[in-house]
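The values are calculated or read from the model by the stated rules, or taken from the named source; none is laboratory data. What you see is a predicted model, and the numbers here were worked out from it, not measured in a lab. Here Cβ is always computed from backbone atoms with ideal geometry, including for glycine, and neighbour counts include all displayed protein chains.
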Amino acid sequence: MNINRDIEENVRHCSYCQEAAKMPRKTVLHSRPDEKEPWNRVHIDYAGPINGTMYLVFVDSYSKWPEFSEMSSSTTKATLRVLTMLFARYGNPRVIVSDNGTQSH
């Protein structure tokens, strides 16, 4: 028995599932306005693992300048330590955009 095959088979024979598949959600995408100055809005996220290493990635919305920090841990405490160093270097951004992953809580 293969659980993936069983799930696919159940979904294939489920009338509710088949009806729901015909009605995909329509989502309106909203673009963010262009920034007028550097370090006003910064996007952050974790990337990896790349060769076993996680990275905290920052991108300035105005200049598209990337910053990468190699992380030995992706805990909130480790994330805040890197943010503190980054903000000491560049100042505090007005807006930080993240995907609300568990590391940023």
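A few comments on the model shown:
- Counting only helices (runs of 4 or more DSSP H) wholly contained in the chain, the ones carrying 1 or more residues that are touching a strand residue (DSSP E or B) at 6+ places or on another chain (Cβ under 6 Å) occupy 76-90.
- Of all residues in the stretch 48-60, those that are within 14 Å of residue 74 (Cα to Cα) have Cβ atoms under 6 Å from Cβ atoms of residues that are assigned to a strand (DSSP E or B) and at pLDDT below 90, 6 or more apart or on another chain, in 54/48; 55/48.
- From the options 99, 60, residue that is acidic (Asp, Glu) and within 14 Å of the chain's Cα centre (by Cα): 99
- Residues located in the stretch 17-47, provided they are farther than 30 Å from residue 89 by Cα and loosely packed, with under 10 Cβ neighbours inside 10 Å: 19, 22, 23, 24, 25, 26, 27, 28, 29, 30
- Qualifying residues in the stretch 48-65 (those that are small (Gly, Ala, Ser) and on the phi < 0 side of the Ramachandran plot) - the one surrounded by the most Cβ atoms within 10 Å (Cβ to Cβ): 61
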